[in-house]
1. Can you run down the residue pairs with Cβ atoms below 6 Å, 6 or more apart or on separate chains, where the first is in the stretch 259-280 and in contact (Cβ under 8 Å) with a residue 12 or more places away in the chain and closer than 16 Å to Phe229 by Cα and the partner is of a type in the set (Ser, Thr, Tyr) and not in a helix (DSSP H, G or I)?
2. When only residues in the stretch 202-224 that are among the β-branched types (Val, Ile, Thr) and within 30 Å of Gln178 (Cβ to Cβ) count, which is farthest from the chain's Cα centre (by Cα)?
3. Among the residues of the stretch 187-199 satisfying the criterion of being part of a loop (DSSP other than H, G, I, E, B) and either in contact with a helix residue (DSSP H, G or I) (Cβ under 7 Å, 6 or more places away or on another chain) or not acidic (Asp, Glu) (or both), which is surrounded by the most Cβ atoms within 10 Å (Cβ to Cβ)?
4. Of the numbered conditions (1) touching a helix residue (DSSP H, G or I) at 6+ places or on another chain (Cβ under 9 Å); (2) within 19 Å of Gly250 (Cα to Cα); (3) not acidic (Asp, Glu), Lys162 fails exactly one; give the number of that condition.
5. For the stretch 32-52, what are the residues that are touching a residue at least 40 places away in the same chain (Cβ under 8 Å) and part of a loop (DSSP other than H, G, I, E, B)?
6. Looking at the stretch 87-101, is at least one residue part of a strand (DSSP E or B), among the charged types (D, E, K, R) and surrounded by 15 or more Cβ atoms within 10 Å (Cβ to Cβ)?
7. In the list Leu202, Leu243, Leu236, which residue meets the criterion of being within 15 Å of Pro32 (Cα to Cα) and not aromatic (Phe, Trp, Tyr)?
8. Please verify whether Leu114 is buried (at least 20 other Cβ atoms within 10 Å of the Cβ) and either assigned to a helix (DSSP H, G or I) or not acidic (Asp, Glu) (or both), treating the condition exactly as stated.
Amino acid sequence: MTHNVFGAVVLSLSLLVSGCSNAANKADNQAPIALQMYTLRDSGTLEQQFAIAQRAGFHAVELVGDQGVSATEMKRLLGKYRLKAIADHVQLEDLQNDPASIIAFNKAIGNKTLVMPWLKLEVRPDSAAEWQQLGQKLDAIGKQLNAQGMTLAFHNHNFEMKKYDGKTALDILMESTQPENLKLELDAAWASRGGQDPAVILSKYKGRIFAIHAKDNASIGVRDDEMNFAPAGEGLLAWNEILPAAKAAGTQWYIVEHDKPKDAESIITTSNRFLKAELAPAATK
């Protein structure tokens, strides 16, 4: 009798855990939302940052390099806070100088996407030909990563919206690469600051959108001490156009980011809540 009771308890617990796991997976499927860890760079240790991400309701994160820890420690912390690494921001020079270490680190933590996030001024192209040359360089890197089972993506700021003979630098870059070798991580706020419509860009590169960075632009005089960035949904961007365009383009992830938050936890919590509310109806159709 005791054995039967014990067995029933074990079975009940097993079903409960399984149910929670299925619910978590269902939630993740409905809301592919992640947090770019750059947002929390001034919020204590990496463990403290992951704790904030978890409190804010995130189940996935986009890393910045190795975040100053080993792959073993990263795996431990991600597991402890039930977070999944879905991408890693890696500088161009690091991809060129030490690709083996970067690939090994990311494979060890289960991440398959590397994103080039920024071009330093000294290596930033300033002509159509130079942007084309960069595209060819990234195409070669992306092809090498593909052979390792990984994907390369490019993250924009505003300077990629500059036009050369009627084409933006981003257009030249994307046209100089094969779709399978370079995906796009569109920062909607920076694209808008560069004078371009994020929804139009998303539509143009349907099938090549790895993610969008979801942050908003505030008016001049509003949040001046936060680089005039705002939580998604609380600024000037037309999310009622951007999010449907992102969905139609096959966007895989919606990544919350803020470049200079005064209250990082509040901002990422607000942004996460907004995205979940906006994405949930579409996900249940």
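The values are calculated or read from the model by the stated rules, or taken from the named source; none is laboratory data. Remember, predicted model here, so these are calculated numbers, not experimental data. Here the Cβ positions follow ideal geometry from the backbone for every residue, glycine too, while neighbour counts run over all protein chains shown.
1. Close Cβ pairs satisfying both conditions: Ala264/Ser43.
2. Narrowing the stretch 202-224 to residues among the β-branched types (Val, Ile, Thr): 209, 212, 220, 222.
Next cut, within 30 Å of Gln178 (Cβ to Cβ) only: 209, 212.
Numbers: Ile209: 11, Ile212: 7 Å.
Here the answer is Ile209.
3. From the stretch 187-199, those part of a loop (DSSP other than H, G, I, E, B) are 194-197; that's our starting set.
From what's left, either in contact with a helix residue (DSSP H, G or I) (Cβ under 7 Å, 6 or more places away or on another chain) or not acidic (Asp, Glu) (or both): 194-196.
On the way: Gly194: 19, Gly195: 11, Gln196: 21.
Once the filter is applied, the top-ranked residue is Gln196.
4. (2)
5. From the stretch 32-52, those touching a residue at least 40 places away in the same chain (Cβ under 8 Å) are 32-36, 38-40, 42-43, 52; that's our starting set.
Of everything in the stretch 32-52, those that are touching a residue at least 40 places away in the same chain (Cβ under 8 Å) and part of a loop (DSSP other than H, G, I, E, B) turn out to be Pro32, Asp42, Ser43.
6. Within the stretch 87-101, the first condition is being part of a strand (DSSP E or B), and the residues that meet it are 87-89.
With among the charged types (D, E, K, R) added as a condition, the list becomes 88.
Subsequent filtering for residues that are surrounded by 15 or more Cβ atoms within 10 Å (Cβ to Cβ) retains 88.
The answer is yes, given that some residue of the stretch 87-101 is part of a strand (DSSP E or B), among the charged types (D, E, K, R) and surrounded by 15 or more Cβ atoms within 10 Å (Cβ to Cβ).
7. Numbers: Leu202 fails: within 15 Å of Pro32 (Cα to Cα); Leu236 fails: within 15 Å of Pro32 (Cα to Cα).
Going through Leu202, Leu243, Leu236 in turn, the sole match is Leu243.
8. Working: buried (at least 20 other Cβ atoms within 10 Å of the Cβ): yes; either assigned to a helix (DSSP H, G or I) or not acidic (Asp, Glu) (or both): yes.
Taking the combined requirement at face value, the residue satisfies it.
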